[in-house]
Structures are given as structure tokens and as C-alpha cells.
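S.K.: Sharing a structure, written as C-alpha cells. Questions coming.
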Amino acid sequence: MLSDQLLRRRQKLSLSQAGLASRLKSSQSRIAKMEAADRTVSVDLLLRALYALGATPRDVGLALRKRRRAAA
């Protein structure tokens with residue numbers, strides 16, 4: 001769900017993967033892996049990216065809650 005949230009937020013801001021990578025001092029390919037929920041991406045990096053796009057801790061909590069409901 002965090003990966004989905006990241007993709008939606010980035011697209012809503014009309015920001016490219018390269019643009020987000022620049023903000024995070026990362027690479028475009030790493031952003032692509034984040035959005036694809038690649039297992040090599042740390043939760044820490046996902047959270048930093050979400051916060052860089054304006055997400056709040058509440059937004060993150062809501063995204064995780066949706067995941068828990070979907071699994072139930």
C-alpha cells in the first residue's frame with residue numbers, strides 16, 4: 001500500500017520518477033522499484049519518499065490501515 005500511495009502522490013504532483021529521485025538524492029530506477037513494491041526497497045526509503053511528497057504520518061497510517069482491511 002505504501003508503494004501505491006507513493007505512485008499516486010507522485011503522479012498527482014505531476015512529478016517524474018527522475019524528479020522525485022533528485023529530491024531524495026537517489027536514482028530513477030530506485031523510484032521505479034519503490035513504486036513496484038520491490039522487496040529490496042526499505043520501508044525507511046518509502047517513508048522518506050512519501051514525506052518528501054507531502055504525506056503526513058496520518059496519511060501513512062491510513063494507507064497501512066487500508067492494507068490491513070484488504071488482507072482481512
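What follows draws every value from the coordinates through simple rules; no lab data is involved. Remember, it's a predicted structure, so these values are computed and weren't measured experimentally. Cβ placement follows ideal geometry from the backbone for every residue including glycine, while neighbour counts extend to all protein chains displayed.
S.K.: Given +1 on the Cβ of Lys and Arg, -1 on the Cβ of Asp and Glu, and no further charges, what dipole in debye does the range 2-71 carry about its Cα centre, rounded to the nearest 20? Walk me through the numbers on the way to the answer.
M.R.: On the way: 16 positive and 5 negative charges, 47 e Å.
Around 220 debye, computed over the range 2-71.
S.K.: Quickly work out the Ala36-to-Leu62 label distance, labels modelled 7 Å from Cα along the C-beta direction, and quote it in nm with one decimal.
M.R.: Between Leu62 and Ala36, the simple spin-label model gives 2.9 nm.
S.K.: Based on the alpha-carbon gyration tensor of the range 2-71, what equivalent-ellipsoid semi-axes (square roots of 5 times the eigenvalues) come out, in whole Å, largest first?
M.R.: Working: eigenvalues 75, 35, 21 Å².
That gives 19, 13, 10 Å for the three semi-axes.
S.K.: Report the one residue of Ser16, Ala63, Ser3 whose Cα lies farthest in the direction of the positive end of the charge dipole of the range 2-71 (charges on C-beta: Lys and Arg +1, Asp and Glu -1; origin at the Cα centre).
M.R.: Most positive-ward Cα: Ala63.
S.K.: Right, next: Once phi is turned into θ = phi - 60°, what whole-Hz ³J(HN,Hα) does the Karplus curve with 6.51, -1.76 and 1.60 give for every residue of the range 27-35, x standing for Gly and Pro?
M.R.: 3J(HN,Hα) across the range 27-35, in whole Hz: 10, 4, 5, 5, 5, 4, 5, 4, 6.
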